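Student: Here it is, the structure in full.
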Amino acid sequence: MDGSRRCRRRLGHAFPIFLKFQGGKAVASFVGVALALAPLALLAVVIVFVLVVARTRFISLGSILGAALFPSPSGCSITRRGR
């Protein structure tokens, strides 16, 4: 699949036509994919999200930091499965 189609698919999940292109759905799409692919990594992301939101009261900051953390624990869980 080419990069243009991937980009359009991500934008379609973030700004769905059925919800009048209102944003905020990208995190929900991320959680669904992460739950299917790396549930242990998602648990780490959820813990970071909850701690950041409890401390700062900024949901967007918790989402960004959780997404930034995701590649690190998911790589560990994939390595463990591969053994």
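Student: Return the total of residues in the stretch 11-57 being within 13 Å of the chain's Cα centre (by Cα) and aromatic (Phe, Trp, Tyr).
Tutor: 2
Student: Could you give every pair whose Cβ atoms fall below 7 Å, whose first residue belongs to the stretch 60-80 and is farther than 15 Å from Val50 by Cβ and of a type in the set (Gly, Ala, Ser), and whose second residue is outside any helix (DSSP H, G or I) and modelled with pLDDT of 80 or more, counting only separations of at least 6 or pairs across chains?
Tutor: Ser74/Ala38; Ser77/Ala38
The values are calculated or read from the model by the stated rules, or taken from the named source; none is laboratory data. Remember, predicted model here, so these are calculated numbers, not experimental data. Heads up, the Cβs are rebuilt from the backbone with ideal geometry, glycines too, and the neighbour counts pull from every protein chain shown.
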